[in-house]
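Quick notes on the structure that follows.
The values are calculated or read from the model by the stated rules, or taken from the named source; none is laboratory data. As the structure is a prediction and not an experimental result, all values here were calculated from the model. Every residue, glycine as well, gets a Cβ built from its backbone with ideal geometry; the counts of neighbours run over all protein chains shown. Each accessible area value is taken on the protein alone, full model and side chains, heavy atoms only, with ligands, DNA and RNA left out. Shrake-Rupley method; radii C 1.70, N 1.55, O 1.52, S 1.80 Å.
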Amino acid sequence: MQYPHNLNPNDFPSPCFVTDLAKLEENVRILNTVQERTKAKILLALKGFAQWKSFPYLSRTMRGSLYGACASSVDEARLSKEEFKGEVHAFAAGFSSEDMQELLTLCDHITFNSIHQWKKFRPMIIEYNARHEKKVLCGLRINPEHSEGAVPIYDPCDKSSRLGIRLKDFASENLDELFEGITGLHFHTLCEQNSDALDRTLRVVEEKFAFMLERVSWVNFGGGHHITREDYDLELLCQCINRVQAKYPVQIYLEPGEAVALKAGYLISTVLDVIEADMPMAILDTSASCHMPDVLEMPYRPMITGSGEENQKKYTCRLGGKSCLAGDAIGIYSFDEPLKDGDKLVFEDMAIYSMVKTTTFNGLRLPSIALWDSRTNKILDLKHFGYEDFKGRLS
Ligand SMILES: *Cc1c(COP(=O)(O)O)cnc(C)c1O
């Protein structure tokens, strides 16, 4: 079997997430061309990829070129401050007072999801900023109510969305009073999309929210930009950024998660058994439910090296996880040879929304996590998990 970039699954424990530093650095290089062509700053969204041992290679405070990271919670903000060491930005659908107290000590930017949350925390922020030299900048997330066709659970502009302030919510506000203390506008409406979707979204934002663009000094275009995908139109992205920057004196931010680690990781697994269901079914030492929940949630069918669609190759079978969930199924695949106990399977594009979402349901052990460099075939970091990780999150 020819594995990508001469990855040898036998060099790693199983199951194991393996991230290729060479591909991560290639992605960051592409992202940096956007920074150089536009003056936009790009942040890593930790929600999608938080393998912190790789941060020194991503952050411009060390060997990379990204300006910082964006967090969805206090703990992501802390990880960002401790390990990424660049700018720390935070957004969540709701913050508690305890969250805000901690975030103020960690963040450079905090973005609010509602007018109520902003008004509630404004006095606390003003007080904090009065006592500290480094000021925390505040922004509002808007909902432009312009859908670009993402599936509903990934569409922040779906009718029932709770994400972002709608234009009508500003109608009853005194804008001068409301924007006292606000320096930024944030929108995040895309998911795995190309820059044509951004272009259309921006035109809606510029039309509906010009009153805000005129009042702020930074604009965050959110994530969902598939910038490092082969067919991504970088030229149009740069045009979009430069167009807004030419019209308004603002610093633009992008905060992709996927694009930073796209196609940079694998999940290595081993066949434990092959049984007969309605067709042959290989039971793996990994699990869709515990180790790649997006396979069930998104849902999608992950690529496996050397496999084909159903009946495309000689031997077709189902792949199932080792948990006791009846629906722990990965899909139907075909291979040149029948699978057997001990065979290795390599799932591709497994760095993103994978290790950040694992669970220990059923007491299944978390896959090991490796940082590997395909250029030198060296393992730079290898972390194992065990019983303590299962026990430690229960009491
Ligand atoms: C999910 C999310 C991101 C990252 O999205 P990707 O699809 O991984 O690029 C960025 N910003 C916000 C506010 C998000 O919710």
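Cβ neighbours within 10 Å, averaged per peptide: list 219-227, 267-275 in order, most packed at the top.
Numbers: 219-227: 24.7, 267-275: 19.1.
Peptide ranking by packing, descending: 219-227, 267-275.
How far is helix 195-208 tilted, in degrees, relative to the longest principal axis of the Cα atoms in the chain, given as a value from 0 to 90 rounded to the nearest 10?
Relative to the chain, helix 195-208 is tipped by roughly 30 degrees.
Which value, in Å², gives the accessible area per residue of region 16-67 when a 1.4 Å probe is used on the protein heavy atoms? Could the numbers behind the result be given before it?
Numbers: 1830 Å² over 52 residues.
Using a 1.4 Å probe on heavy atoms only, each residue of region 16-67 averages 35 Å².
Let me know the charge dipole size of region 123-198 about its Cα centre in debye, to the nearest 20, where only the beta-carbon of Lys, Arg (+1) and Asp, Glu (-1) is charged. Write out the running numbers ahead of the final one.
Values: 8 positive and 13 negative charges, 48 e Å.
Value, rounded to 20: 240 debye.
If the reach is capped at under 16 angstrom between alpha carbons, list the lysines near K208, excluding any in the same chain fewer than eight residues apart.
The reachable lysines, counting only those whose Cα sits under 16 Å from K208, are K168, K247.
For the Cα atoms of the chain, what angle does the longest principal axis make with the long axis of helix 234-247, in degrees from 0 to 90, nearest 10?
The helix 234-247 is inclined about 10 degrees to the chain.
Which of these, S307, S96, S59, has the largest mean-square fluctuation under a Gaussian network model of the chain (Cα springs below 10 Å)?
Judging by the Gaussian network model, the answer is S96.
Between R131, R29, R162, find the one with the highest GNM mean-square fluctuation for the chain; connect C-alpha pairs within less than 10 Å.
In the Gaussian network model the winner is R131.
Using the Cα atoms of region 304-354 to build a convex hull, what is its mean projected area in square nanometres?
Working: hull surface 16.9 nm².
Taking the Cα atoms of region 304-354, their convex hull projects to 4.2 nm² on average.
Which order, highest average first, do 143-149, 12-18 follow once you tally other Cβ atoms within 10 Å for each residue and take the mean per peptide? Mind showing how you got there, number by number?
Numbers: 143-149: 16.7, 12-18: 21.4.
The packing order, highest mean first, is 12-18, 143-149.
Specify whether the C-alpha gyration tensor of region 176-283 places it in the rounded, prolate or oblate class, a ≥ b ≥ c being the square roots of the eigenvalues: rounded for a/c under 1.5, otherwise prolate if a/b is larger than b/c and oblate if not. Could you put the intermediate results ahead of the total?
Working: a/c = 3.37, a/b = 2.65, b/c = 1.27.
Prolate is the answer for region 176-283, as a/c is 1.5 or above and a/b outweighs b/c.
Got the relative contact order for the chain handy, in percent, Cα pairs under 8 Å and 6 or more residues apart? Don't skip to the answer; put the middle values down first.
Numbers: 842 pairs, mean separation 76.2, N = 395.
Relative contact order comes out at 19 percent.
Can you tell me how region 217-268 classifies by the Cα gyration tensor, rounded, prolate or oblate, using a/c under 1.5 as the rounded cut? Kindly include the intermediate steps, with their values, before the conclusion.
Values: a/c = 5.10, a/b = 2.06, b/c = 2.47.
Since a/c reaches 1.5 but b/c is at least a/b, the shape of region 217-268 is classed as oblate.
With everything on Cα atoms, drop me the angle between helix 115-131 and the longest principal axis of the chain, reported from 0 to 90° to the nearest 10.
Between the helix axis and the principal axis of the chain, the angle is about 80 degrees.
Using the C-alpha atoms of the chain, what convex hull volume per residue, in cubic angstrom, is computed? Let's see the in-between values first.
Values: hull volume 61.1 nm³, N = 395.
Looking at the chain, the number lands at 155 Å³ per residue.
Using only the Cα atoms of region 60-146, build the gyration tensor, take square roots of its eigenvalues as a ≥ b ≥ c, and label the shape rounded, prolate or oblate: rounded if a/c is under 1.5, else prolate if a/b is larger than b/c, else oblate.
On the way: a/c = 1.91, a/b = 1.30, b/c = 1.47.
Here region 60-146 falls in the oblate category.
Please arrange M303, M298, M212 by accessible surface area, largest first, computed with a 1.4 Å probe and ligands excluded. If you can, show how the numbers build up before the last one.
Numbers: M303 100, M298 45, M212 0 Å².
Putting M303, M298, M212 in descending order of accessible area: M303, M298, M212.
Among M281, A326, P338, which residue has its Cα positioned farthest towards the positive end of the charge dipole of region 262-339, with +1 placed on the Cβ of Lys and Arg, -1 on the Cβ of Asp and Glu, and the dipole taken about the Cα centre?
It is P338.
Percent of Cα-Cα pairs per 10 Å bin, from 0 to the last occupied bin, for region 305-395, please list those.
The calculated distribution, bin by bin, is 12, 34, 35, 17, 2.
So for the pair H384, E206, with labels modelled 7 Å out along Cα→Cβ, what separation do we get in nm?
5.7
Where both partners of a DSSP beta bridge lie in the chain, what percent of those bridges are antiparallel, to the nearest 5? Each step should come with its number before you reach the end.
Details: 27 of 64 bridges.
Within the chain, antiparallel bridges account for around 40 percent of the total.
Nothing charged except the Cβ atoms of Lys and Arg (+1) and of Asp and Glu (-1): what's the magnitude of the dipole of the chain about its Cα centre? Round to the nearest 20 debye. All intermediate terms of the calculation are to be shown ahead of the outcome.
Values: 45 positive and 56 negative charges, 189 e Å.
About 900 debye.
Which residue fluctuates the most in the chain, going by a Gaussian network model with Cα springs under 10 Å, if the choices are Y154, Y266, Y67?
Judging by the Gaussian network model, the answer is Y154.
Tell me the carbon and sulfur percent of the accessible area for region 1-141, rounded to whole percent, probe radius 1.4 Å.
49
Per residue Cα convex hull volume for region 68-211, in cubic angstrom?
On the way: hull volume 17.9 nm³, N = 144.
Roughly 124 Å³ of hull volume per residue.
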